[in-house]
Amino acid sequence: MIHTIDAQGKTLGRTATAVAKLLMGKDSPTFERNKVSTNKVHLVNVSKAKIDSKKMDTKTYARYSLYPGGLVKEKMGHMAVRKGYGELFKLAVYGMLPNNKLRPILMKNLTISE
């Protein structure tokens with residue numbers, strides 16, 4: 001089943017929570033934690049979402065290159081400019097899905113459009 005969620009005027013976290021629930025299939029009465037749901041989610045208008053300016057300046061994303069001194073931190077505002085608002089939503093949903101072998105499969109069922 002295909003679900004379309006409009007992120008215009010909604011906050012990042014609440015929208016990501018709704019998307020994660022749909023991707024896992026928790027809205028279905030036949031929900032099984034170890035099975036991949038057939039739900040596909042299309043997220044639209046992510047650039048018009050309501051994100052607080054204070055959060056854009058304080059929230060940081062970290063990645064590590066596995067080399068000494070390879071920890072790179074980037075602020076949310078800079079990432080939004082560099083990669084777009086879709087990346088912010090993608091990372092938020094990714095963090096809300098269970099950390100197991102199903103996570104990459106579930107993320108393939110998510111499409112984001114600015």
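Coordinate-derived values only; no laboratory data. Note that this is a predicted model, so its numbers are computed, not measured. Note that each Cβ is placed from the backbone with ideal geometry, even for glycine, and that neighbours are counted across all protein chains shown.
Annotations
- Residues 96, 24, 107, sorted so that the one with the fewest Cβ neighbours within 10 Å comes first: 107, 96, 24
- Restricting region 1-110 to chymotrypsin sites (Phe, Trp or Tyr not before Pro) in coil, as DSSP defines it, with at most 13 other Cβ within 10 Å: 31
- For region 30-110, the Cβ-based charge dipole about the Cα centre amounts to some 80 debye (Lys, Arg positive; Asp, Glu negative; other atoms uncharged).
- Applying a DSSP loop filter and a limit of 14 other Cβ atoms within 10 Å to the trypsin sites (Lys or Arg not before Pro) in region 63-113 leaves 101, 108.
- Extension gain from residue 6 to residue 33, taking 0.36 nm per residue of separation minus the Cα-Cα distance: 7.1 nm
- With contacts taken as Cα pairs under 8 Å and at least 6 residues apart, the chain reaches a relative contact order of 34 percent.
- Build a GNM of the chain with springs between Cα atoms under 10 Å apart, and of 12, 43, 71 the one that fluctuates most is 71.
- Reducing region 1-49 and region 73-114 to their Cα centroids gives an inter-centroid distance of 13 Å.
- For the residues 26, 54, 40, a GNM of the chain with alpha-carbon springs under 10 Å puts the largest fluctuation on 54.
- Quarter the surface of the alpha carbon convex hull of region 2-112 and you get the mean projected area, 7.7 square nanometres.
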